[in-house]
Amino acid sequence: MDHKLELDSANTAVLVVDVQKGLFNGKPPAFEGDQVIARINEVTAKARSAGALVIIFQHEGDPSENWMVPFSDDWKLHPKLHVTAKDLTFRKTTCDAFYGTKLESELAAQRISRLVLTGFATDFCIDTTLRIALSKEFEVVVAADAHTTTEGPVLRAEQVRSHFNWAWQNCSAKSEVQVLPALDITFFPSR
């Protein structure tokens, strides 16, 4: 059931999770990678235009494992992702964007009560961050076509995204998770 959703920029933040070169351009690559980045850019452009907060996350791993080493080429944000100087950036080391970061204190300081989720990986970092956000009583909106993952051994990436979009809309939480296409998510300036 698609409908337009207009969000108050004063209490809303858009989270852009792990849109990094090594994750989107890996083997296998992120499902619909270029299209997903374009949709993320749509959502963040509308958010910034209305004065909503945009927060960019970069995942980093253990250098001894040679995975997502900070400042390596794979760790860098994807060049097609639009980022501005006003965006906040956080580095994280787990699937949970709240764990070990200042995300929660920053959201509290700016009186943010609603999060719009976008990025990578649907079945790991997006799902974990969404569930933690719900447990912290944030309202959550997911841009249904602005998150992605890679092919796995059990399900195709498209199936994973469809499954999680359905599951999030039907999970039991204090507030309903709203899942809409990026095109249907808009923001209005704080009054």
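Readers should treat all values here as calculations from the given coordinates under stated rules, not as data from a laboratory. Keep in mind it's a predicted model, so treat the numbers as computed, not measured. Don't worry about glycine lacking a Cβ; one is built from the backbone with ideal geometry, like all the others, and counts go over all protein chains shown.
Taking the range 64-150, which chymotrypsin sites (Phe, Trp or Tyr not before Pro) meet the DSSP loop condition and have no more than 13 other C-beta atoms within 10 Å?
Hits after loop and neighbour filter: PHE71.
What percent of all Cα-Cα pairs in the range 9-127 falls in each 10 Å bin, counting up from 0?
Taking all Cα pairs of the range 9-127, the binned fractions are 13, 48, 32, 7, 0 percent.
GLU6 to SER172: extension gain in nm, 0.36 nm per residue of separation minus the Cα-Cα distance?
That works out to 57.4 nm of additional length.
From the square roots a ≥ b ≥ c of the eigenvalues of the alpha-carbon gyration tensor of the range 69-191, which class results: rounded (a/c under 1.5), prolate (a/b over b/c), or oblate?
Rounded shape, in that the Cα axes give a/c under 1.5.
If you look for lysine pairs in the chain that are eight or more places apart or on different chains, how many of them have Cα atoms under 19 Å apart?
Lysine pairs meeting the criterion: 15.
Just to confirm my numbers, what's the Cα centroid distance between the range 90-120 and the range 1-73 in Å?
12 Å
What helices does the chain hold that run 15 Å or longer along their axis, going by alpha-carbon atoms, with a Kyte-Doolittle average of -0.5 or more, using DSSP H for the helix calls?
33-50
Explain nothing, just the number: dipole magnitude of the chain about its Cα centre with +1 on each Lys and Arg Cβ and -1 on each Asp and Glu Cβ, in debye rounded to the nearest 20.
Result for the chain is approximately 480 debye, rounded to the nearest 20.
Just to check I understand the Karplus step: with θ = phi - 60° and J = 6.51 cos²θ - 1.76 cosθ + 1.60, what whole-Hz values come out for the range 143-153, glycine and proline as x?
So the J values, rounded to whole Hz, are 7, 4, 10, 10, 9, 7, 8, 10, 4, x, x.
Give me the extension gain from LEU155 to LYS76: residue separation times 0.36 nm, minus the current Cα-Cα distance, reported in nm with one decimal.
Value of the extension gain: 25.7 nm.
When only C-alpha pairs under 8 Å and at least 6 residues apart count, what is the relative contact order of the chain, in percent?
With pairs under 8 Å counted, the relative contact order is 32 percent.
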